[in-house]
Amino acid sequence: MIQKLKPIHYTNREYFDKEILDIFENNWQFACMKSELSERFSYFVVEYGNKSYFVTNTGKDGIRAFKNVCSHRANKIFLDDFGKRPIMCLYHNWTYNSEGKPINAFAKDFFETPEESDLLLEQYEVQIVGEFVFVNVGNSKITIEEQLGEFYNKLIQISNALGMKITYDCNLHKANWKLLVENVLECYHCLPVHKNSLVERLGVGLKPFMKFEFFNGNSSGHLPIANNQVSVKRKKMLNYLDKREFKHDSYYHLFIYPNLFISSTEGISFYIGHALPNNFCETNLRTRYFECKIKNIEEYRNYQDFLNSDIVNFGNEILNEDKIIIQNVQKGLEISNKSLYLNKEEFRIKEFQEHYCLQINAYDF
């Protein structure tokens, strides 16, 4: 079938600006993991398009989210992706409390004394779903429960199974953010692109998605793992993880609309991807890997550290294989004026695009 999105929807600057307003500003957005804000003054910055906000642990007042701009001279308050320090602008050392109020501003002399409310940082609503921190940056009129539906409980289930974070990274893709989404929503490409990785090691991609679910653009599904020699040997080596919290015999993939990807290989390891667009042709992919939760994992720390290294190396191999293809697709879209097509194995892309088209107010599809 002909898909609704045309090449222009991946390559037009003005259209991208509409996406920021109609898609990103109209939905609760994933920001970071709760465990990344476990200490007072720890923070995480989220940036997309020309937007920047941060979430921070204020201590007794909990996790708060603010626009990442000082109300004095518009300097960015935090420059790094994450860190730990008070809400203080490093230009003139203006410092803010948990309400976003500058606590040293009124000791200064102004040419004209501003209203106190004019100096407050712009604050956003925060909701926490298990380990996942969401922020309402724009105009979402529904609750996070209404946006996620049954996927709310799925995030709780995943959260309960997460062990220690292995690593965090950020990788620039010279491609439209929707291409990153659409790539993870199908495994039609797995045999040609991931033949020596996913297919050879896990047997993933030889059979289509099964047990899939949909709601409000969110979707999930299981890809069967073949019992080849490699996978059988792997299971024997990892029998110390048999009592893990989230056990399944598949490669499980969960997409939280509009830009969060979660996958689990048999519940042994977890990958969390977060696609943040810089512009219509550049997207930062933030990646996190987690080990699974078992009660006595420290007894097997040497084995687990070896496994963790393999998890990251194997995951990054897959990501790099996808990155090459996605960036080439972007180049092709910029010189194409023909319609794009979807086959039956790309049904999750179809569902994503249909919900996307319901939300955007820019073009007729």
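The values are calculated or read from the model by the stated rules, or taken from the named source; none is laboratory data. Predicted model, so just to flag it, every value in this text is computed and none were measured. Cβ: placed from backbone, ideal geometry, glycine included. Neighbour counts: every protein chain shown.
When only residues in the range 214-227 that are in contact with a helix residue (DSSP H, G or I) (Cβ under 8 Å, 6 or more places away or on another chain) and either surrounded by fewer than 16 Cβ atoms within 10 Å (Cβ to Cβ) or farther than 25 Å from Leu148 by Cα (or both) count, which is modelled with the lowest pLDDT? Top of the filtered list is Ala226.
Note on the range 56-79: among residues that are modelled with pLDDT of 95 or more and of a type in the set (D, E, K, R), the one that is surrounded by the fewest Cβ atoms within 10 Å (Cβ to Cβ) is Lys76. From the list Glu291, Glu282, Glu317, the lone residue that is modelled with pLDDT of 95 or more, among the acidic types (Asp, Glu) and buried (at least 18 other Cβ atoms within 10 Å of the Cβ) is Glu291.
Only residues that are surrounded by 20 or more Cβ atoms within 10 Å (Cβ to Cβ) and either within 22 Å of the chain's Cα centre (by Cα) or not assigned by TED's automatic domain parsing to the domain that holds Phe314 (or both) were counted across the range 195-213, and they come to 2. Evaluated against (1) at pLDDT below 95; (2) part of a strand (DSSP E or B), Tyr168 falls short on exactly one condition, (1).
Among the residues of the range 98-111, those that are surrounded by 13 or more Cβ atoms within 10 Å (Cβ to Cβ), more than 28 Å from the chain's Cα centre (by Cα) and assigned to a loop (DSSP other than H, G, I, E, B) comprise Lys101, Ile103. Could you check the range 267-307 and list, in sequence order, the residues that are within 30 Å of Val329 (Cα to Cα) and among the polar types (S, T, N, Q)? Across the range 267-307, the qualifying residues are Ser269, Asn278, Asn279, Thr283, Asn284, Thr287.
Restricting Lys154, Lys141, Lys178 to those that are free of Cβ contacts under 8 Å to residues at least 12 places away in the same chain and either surrounded by 14 or more Cβ atoms within 10 Å (Cβ to Cβ) or not in a helix (DSSP H, G or I) (or both) reduces the list to Lys141. Cβ separations smaller than 7 Å between residues 6+ apart or across chains give the following pairs from the range 75-96 residues that are in the same structural domain as Gly59 (by TED's automatic domain parsing) and more than 19 Å from Gly59 (Cα to Cα) to residues that are at pLDDT below 95 and hydroxyl-bearing (Ser, Thr, Tyr): Asn75/Tyr91. The residue that is surrounded by the fewest Cβ atoms within 10 Å (Cβ to Cβ), among those in the range 332-364 that are of a type in the set (A, V, I, L, M) and part of a loop (DSSP other than H, G, I, E, B), is Ile335. Within the option set Tyr300, Tyr289, Tyr271, being touching a residue at least 24 places away in the same chain (Cβ under 8 Å), outside any strand (DSSP E or B) and aromatic (Phe, Trp, Tyr) holds for one residue only, Tyr300.
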